[in-house]
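Working notes for the structure below.
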Amino acid sequence: QEDDIDGGLSHLNKKEKALLGFLLERRMFEFTPIDVSKMIGVTNKTIINRCAKLTNNDFLIPNIVKQRIRSYSLSEFAKRNEKNILSRIE
């Protein structure tokens, strides 16, 4: 599992890792990109792009309503390995 964490994190840039850390630290298990964009102070599109990368690396799961992604949830993998992930990001 440690290899999975390192492998997933190695594909992320600094800002994507920062977003993942932000979500884990605040225990935001489900969120909308617009809410997070307001909290962080970046555009909604920026958060959506970062979420897409986190989804590709199995840290997030998109919640789809009528073929559109409305929100995201932290994956079980991310929740289970929260402490490990946070220690590797910081």
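The values are calculated or read from the model by the stated rules, or taken from the named source; none is laboratory data. Values in this document were obtained by computation on a predicted structure and should not be read as measured data. Surface areas here come from the heavy atoms of the whole protein model, side chains and all, with no ligands, DNA or RNA. Shrake-Rupley method; radii C 1.70, N 1.55, O 1.52, S 1.80 Å.
Sorting Val36, Val42 by solvent-accessible area of protein heavy atoms yields Val42, Val36, largest first, with a 1.4 Å probe. Computed per residue of the chain from DSSP H runs no shorter than four, each worth -39500 (n - 2.57), the mean residue ellipticity at 222 nm is -17500 deg cm²/dmol. Measuring only protein heavy atoms, the 1.4 Å probe finds Arg68 accessible over about 150 Å².
Close Lys pairs in segment 28-87, defined as Cα atoms under 20 Å apart and 8 or more places apart or on different chains, number 4.
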